[in-house]
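The structure appears below as structure tokens.
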Amino acid sequence: MKAGIRTYVGMAVVGLALAGCAQVNSVMHHGQSVNVSLSGAEEVPPVATQAHGSGTIQIAEDHSVSGSVTTTGIAGVAAHIHTGARGQNGPVSIGLVKTADNTWAVPAGAKLNDAQYASFKAGNLYVNVHSAQHKGGEIRAQMNP
């Protein structure tokens with residue numbers, strides 16, 4: 001093979017390899033990232049509080065979940081992702097773990113089941129943080145895909 005042809009073939013192989021990596025990267029990271037802004041007004045019933053929070057939750061097509069929320073003005077005792085439409089309370093789907101004084105994270109390896117994933121796609125998941133004063137939840141945010 002002549003040097004010019006080898007160079008051309010080598011560049012074509014590298015180009016195909018890079019295209020394949022880009023495709024794998026796109027598939028691995030495909031999903032949705034949801035920004036949440038937690039407040040007492042979103043709770044059911046609404047809670048009068050100065051507490052608030054924010055964060056980002058990522059949900060991949062394979063139903064795996066990651067992300068965290070950070071709060072201010074609340075001594076949180078628990079935090080969860082629940083299944084429930086806006087204005088309704090529902091069961092816990094994923095419990096969050098406290099990773100710092102005001103930070104709650106989705107535990108590694110967390111996944112939604114098929115029904116929970118369908119609820120997410122329909123806008124029927126929410127995240128909330130509970131306090132000793134408000135055991136049912138003090139601040140909440142609906143997770144809109």
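Values quoted throughout were computed directly from the atomic coordinates according to the rules given, and no laboratory measurement underlies them. Since this is a predicted model, take the numbers as computed values, not measurements. Don't worry about glycine lacking a Cβ; one is built from the backbone with ideal geometry, like all the others, and counts go over all protein chains shown.
Observations, loosely collected:
- Note on ALA48/ALA100: beta-carbon distance plugged into 1/(1 + (r/R0)^6) with R0 of 30 Å gives a FRET efficiency of 0.70.
- Sequence of HIS30, HIS82 once ranked by neighbouring C-beta atoms within 10 Å, starting from the fewest: HIS30, HIS82
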